[in-house]
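The values are calculated or read from the model by the stated rules, or taken from the named source; none is laboratory data. From a predicted model like this one, the values you see are computed outputs, not experimental measurements. We place every Cβ from the backbone using ideal geometry, glycine too, and count neighbours over all the protein chains shown. Accessible surface is based on the protein model in full, side chains and every heavy atom, while ligands, DNA and RNA are left aside. Shrake-Rupley method; radii C 1.70, N 1.55, O 1.52, S 1.80 Å.
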Amino acid sequence: MRALTVRKPGPIATIAGAAAAVGVGVVAAGIGTIFAGLLREAFRAERALDDGPDDLLATPGAEPRRMSVETAGGVRLNVEAHGPDDTNDDIVVMVHGWTCSIRYWYPQINHLAATKPVVAYDQRGHGASQLGRVRPTIAMLGQDLDAVLDAVVPEGRRAILVGHSMGGMTILSWAAQFPDKISSRVSSVVLTSTAAQAVVQNHLLIPVGLPRYTKPFETTVGKLVTSAPVPLPHTAHSAWLSHYIALGPNARKAHVDFVDRMIAECPARSRAGWGSAMGKLEVVAGLEALRVPTTVVVGTEDRLTPPVHAEEMAEVLRRNGSLRDLIVLDGVGHMSSIEADVRFNELLDDVLVDVGRQDAVAADAEAVGTTASS
């Protein structure tokens, strides 16, 4: 019986193995140091102000009119219509962001729906909407919005599009793919806490003052935060982290808890899929195509889509004559229309007044044209 010969690794293989082990150790140390710094900042931060509930976050009292809208790949989206359905007013269509749901817009639905038609829908893979089997892409977001607009905005009516975070990206994706529809389907746009490009590459999640050796691993950490398909629990400590990442330093506890619970409810697969898709964000063409009055909103403490994005978008819109306003909310984080819900609702009221004036001017011009032709 032949004896087995065990060959010892040669010196080159030994050195290569040792180098690989050192490399893995350096990567692990760099990533671990960044995550430890992030958690340290979150847990050391001042706790949210516990000043009682915010009535605007309550579930709307009136039962919405629910519908299921089929979009690309046979995926069905959950859509809710609130407010009067016997008016010719422009319809406020609200598009929520990553890891959120229709609930994100409760403060605005509660404010508007008594007198204005409002539609909100769960983005693909969020809330009660299906995710489907196809890998999520930014193009899909715009195609889903187009299907919703076809279903909820009757011929001759227009929408006021309001998008937050990935919802703003959805609007820009739609505008890039369907530029010929913009003027006939949309009267005004509000882009809130969002970006047109390089969103994962320009976040401000990484604490300052970390060791220099961690710098090369910041992009990897950003991808892990957005794209790792792991469940997120809803606990006291998770609320601290949600506060640090998504809201401003002086946020109310009612807002932090609401946001943390909503984020925890987002399925891990959906969160990871859309987080990965946003790593390839490039919808500047949609921004260029927007030739309707567009309002850009951002909080000074937004870590996920910092003000530099809003300023860049506003500059493009200003150059094209489409910028209605750039509104910067002092001390407010990423979840701006929750955290500053009263101020945001006032902003929407102003937008609706402007749209009403535009519609009145257009109606007068049409009446004059009809009289002249007769």
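Rounded to the nearest whole Å², what accessible area per residue is found for the stretch 174-290 with the 1.4 Å probe?
44
In degrees, nearest 10, range 0 to 90: what is the angle between the Cα axis of helix 166-177 and the longest Cα principal axis of the chain?
With both axes taken from Cα atoms, the answer is about 70 degrees.
How far, in nm, would the chain grow between ARG212 and LEU49 when pulled straight, counting 0.36 nm per residue and subtracting the alpha carbon separation?
Full extension from ARG212 to LEU49 adds 55.2 nm.
Round to a whole number: what % of the accessible area of the stretch 76-216 belongs to carbon and sulfur, probe 1.4 Å?
Exposed carbon and sulfur together represent 49 percent of the surface.
Say R0 is 25 Å: what FRET efficiency, to the nearest 0.05, do THR235 and VAL342 get from their beta-carbon distance?
E(calc), rounded to 0.05, equals 0.30.
Could you calculate the FRET efficiency of ALA72 with GLU311 from 1/(1 + (r/R0)^6), where r is the beta carbon distance between them and R0 is 30 Å, rounded to 0.05?
Using R0 = 30 Å, I get an efficiency of 0.35.
Place the peptides 185-195, 131-141 in order of packing, highest mean first, counting for every residue the other Cβ atoms within 10 Å and averaging per peptide.
Packing proxy ranking, top to bottom: 185-195, 131-141.
Does the stretch 56-205 come out rounded, prolate or oblate by the C-alpha gyration tensor, with a ≥ b ≥ c the root eigenvalues, rounded set by a/c under 1.5 and, if not, prolate when a/b is larger than b/c and oblate if not?
Rounded shape, in that the Cα axes give a/c under 1.5.
Give the shape of the stretch 197-302 as rounded, prolate or oblate, defined through the alpha-carbon gyration tensor: a ≥ b ≥ c are the square roots of its eigenvalues, a/c under 1.5 means rounded, and otherwise the shape is prolate if a/b is larger than b/c and oblate if not.
Judged from the Cα gyration tensor, the stretch 197-302 comes out rounded (a/c under 1.5).
Eight or more residues apart or on different chains, and alpha-carbon atoms under 24 Å: count the Lys pairs in the chain matching that.
4
With everything on Cα atoms, drop me the angle between helix 307-319 and the longest principal axis of the chain, reported from 0 to 90° to the nearest 10.
Computed tilt is about 40 degrees.
From the phi angles alone, apply the Karplus equation (6.51, -1.76, 1.60; θ = phi - 60°) to the stretch 349-354 and give each ³J(HN,Hα) in whole Hz, x where the residue is Gly or Pro.
So the J values, rounded to whole Hz, are 4, 5, 4, 5, 4, 4.
What's the magnitude of the charge dipole for the chain around its Cα centre, counting Lys and Arg as +1 and Asp and Glu as -1 at the beta-carbon? Answer in Debye, nearest 20.
Taking the Cα centre of the chain as origin, the dipole is about 2480 debye.
Tell me, what is the percent relative contact order of the stretch 208-308, built from C-alpha pairs under 8 Å that lie six or more residues apart?
Averaging sequence separation for qualifying contacts and normalising by length gives 34 percent for the stretch 208-308.
Which one of TYR104, TYR244, TYR213 has the biggest mean-square fluctuation once the chain is modelled by GNM with Cα springs under 10 Å?
Fluctuation is largest for TYR213.
Which order do peptides 108-116, 313-321 fall in by mean Cβ count within 10 Å, highest first?
Sorting 108-116, 313-321 by mean packing, highest first, produces 108-116, 313-321.
Per-residue counts of other Cβ atoms within 10 Å, averaged by peptide: what ranking do you get for 248-261, 90-103, highest first?
90-103, 248-261
Which residue fluctuates the most in the chain, going by a Gaussian network model with Cα springs under 10 Å, if the choices are PRO293, PRO211, PRO107?
Its mean-square fluctuation being the largest, the pick is PRO211.
Please report the accessible area of LYS215 (heavy atoms, 1.4 Å probe, ligands and nucleic acids excluded) in Å², nearest 10.
LYS215 exposes around 130 Å² with every protein chain in place.
Indicate the gyration tensor shape class of the stretch 131-199 (rounded, prolate or oblate), computed on the Cα atoms with a ≥ b ≥ c the square roots of the eigenvalues: a/c under 1.5 is rounded; otherwise a/b larger than b/c is prolate and the rest oblate.
Here the stretch 131-199 falls in the oblate category.
Any chance you could give the angle, 0 to 90 degrees and rounded to 10, that helix 268-278 forms with the longest Cα principal axis of the chain?
Value to nearest ten degrees: 80.
In whole angstrom, and with the biggest value first, how far do the Cα coordinates of the chain range along each principal axis?
107, 51, 41
Give me the percent relative contact order of the stretch 125-271, please, defined on Cα pairs under 8 angstrom at least 6 residues apart.
Result for the stretch 125-271 is 23 percent.
I want to verify a result. In a Gaussian network model of the chain, Cα cutoff 10 Å, which of these has the top mean-square fluctuation: ASP341, ASP354, ASP55?
Taking springs between Cα atoms under 10 Å, the residue moving most is ASP55.
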